[in-house]
Amino acid sequence: MRISRLEQQEQTRERIVAAADGLFVERGFHASSVGDIAAAAGFTKGAVYSNFAAKEDVFFAVYERRARRGVLEIERALAELEVPDALDAISRAAARRRGTAEDGWLAAFFEFWAHVIRRPALRARFAEIHLSVQAPLAEAVGAHVGRDVRAHVVAAYAMQLGLSLERLTLPELVDEDLGVRMGRLFLDQELRDGAVG
């Protein structure tokens, strides 16, 4: 059965994104060239450039795919558990990925984040994806405490990312439960602030 040109292009794009994901995890963003990505996907550099304008666009495609999966995991936890327990489960799941290929992704993620800071258009695109992962948390916690907590969720998310980064260098100090304890402190404070306000 023949596939359409659009389906073929989508398959090509998916192979490129999957290959890039593996290379970014293994080598990082800067050390993975467009040629490397093309070769890993079984294509020429031209095939990459016919689907993506630049290597940054490939990274964004990887990040968007990972962000969608993250949002689904968060939404699933929030659907199955009460908000405090869901936050614990989300934090524990992130901590359990330590020592896996996810450490490579985390390193590439921070590398790319630093890369986009000085590039306003890329920074805005990064921020949009970044906030999309936080959105279900902000909505659920906001509903739980009865007010808009988006800024506080950004802070709590940043703390969790910071702990993830520290886990890469100080695994003996940043155990699985530290993020859970910090998340509970955040939620307890939000509940206290709501009671006062």
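The values are calculated or read from the model by the stated rules, or taken from the named source; none is laboratory data. Quick caveat: nothing in here was measured; it's all calculated off a predicted structure. For neighbour counting, all protein chains shown are included, and Cβ atoms are generated from backbone atoms with ideal geometry for every residue, glycine included.
Every residue, every condition in (1) within 17 Å of the chain's Cα centre (by Cα); (2) farther than 25 Å from residue 60 by Cβ; (3) charged (D, E, K, R), yes or no:
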{"site": "82", "(1), (2), (3)": "no, yes, yes"}
{"site": "86", "(1), (2), (3)": "no, yes, no"}
{"site": "92", "(1), (2), (3)": "yes, yes, yes"}
{"site": "103", "(1), (2), (3)": "yes, no, yes"}
{"site": "109", "(1), (2), (3)": "yes, no, no"}
{"site": "112", "(1), (2), (3)": "yes, no, no"}
{"site": "116", "(1), (2), (3)": "yes, no, no"}
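Based on what the data block shows, is residue 181 at pLDDT 80 or above and more than 26 Å from residue 127 (Cα to Cα)?
Working: at pLDDT 80 or above: yes; more than 26 Å from residue 127 (Cα to Cα): yes.
Yes; evaluated as a whole, the condition is true for this residue.
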### Task
Give the number of residues within region 13-26 that are in contact (Cβ under 8 Å) with a residue 24 or more places away in the chain, surrounded by fewer than 21 Cβ atoms within 10 Å (Cβ to Cβ) and either among the acidic types (Asp, Glu) or over 27 Å from residue 133 (Cα atoms) (or both).
1
#### Entry: Filter result for the condition that a residue is under 18 Å from the mean Cα position of the chain (by Cα), assigned by TED's automatic domain parsing to the domain that holds residue 106 and buried (at least 20 other Cβ atoms within 10 Å of the Cβ), over 59, 29
59
## Note on the structure
Of (1) surrounded by fewer than 20 Cβ atoms within 10 Å (Cβ to Cβ); (2) out of contact with any Asp or Glu (no Cβ under 8 Å at 6 or more places or on another chain); (3) within 24 Å of residue 69 (Cβ to Cβ), residue 34 satisfies every one except (3)
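Suppose we filter 116, 71 for residues that are outside the structural domain of residue 33 (by TED's automatic domain parsing) and crowded, with 18+ Cβ neighbours inside 10 Å; which single one remains? Lay out the reasoning, then the answer.
Values: 71 fails: crowded, with 18+ Cβ neighbours inside 10 Å.
Only one candidate qualifies: 116.
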### Task
Kindly provide the set of residues from region 83-137 that are within 18 Å of residue 23 (Cα to Cα), at pLDDT below 90 and among the acidic types (Asp, Glu), ordered by number.
102, 103
### Message
So for region 125-132 (the condition being over 30 Å from residue 56 (Cβ atoms) and buried (at least 18 other Cβ atoms within 10 Å of the Cβ)), does at least one residue qualify?
### Response
no
### Task
Scan region 63-92 and report the pairs whose first residue is among the aromatic types (Phe, Trp, Tyr) and whose second residue is in a helix (DSSP H, G or I), with Cβ atoms within less than 8 Å and a gap of 6+ or a chain change.
63/109; 63/112; 63/126; 63/129
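If you scan region 1-36, which residues turn out to be out of contact with any Phe, Trp or Tyr (no Cβ under 6 Å at 6 or more places or on another chain) and among the hydrophobic types (A, V, I, L, M, F, W, C)?
Residues of region 1-36 out of contact with any Phe, Trp or Tyr (no Cβ under 6 Å at 6 or more places or on another chain): 1-24, 26-28, 30-31, 33-36.
Within region 1-36, 1, 3, 6, 16, 17, 18, 19, 20, 23, 24, 31, 34 meet the criteria.
Answer yes or no: is there a residue in region 138-146 that is more than 19 Å from residue 90 (Cβ to Cβ), modelled with pLDDT of 90 or more and buried (at least 17 other Cβ atoms within 10 Å of the Cβ). I'd like the intermediate steps shown before the answer.
From region 138-146, those more than 19 Å from residue 90 (Cβ to Cβ) are 146; that's our starting set.
This time we only want the ones that are modelled with pLDDT of 90 or more, so: none.
No, there is no match, as no residue in region 138-146 is more than 19 Å from residue 90 (Cβ to Cβ), modelled with pLDDT of 90 or more and buried (at least 17 other Cβ atoms within 10 Å of the Cβ).
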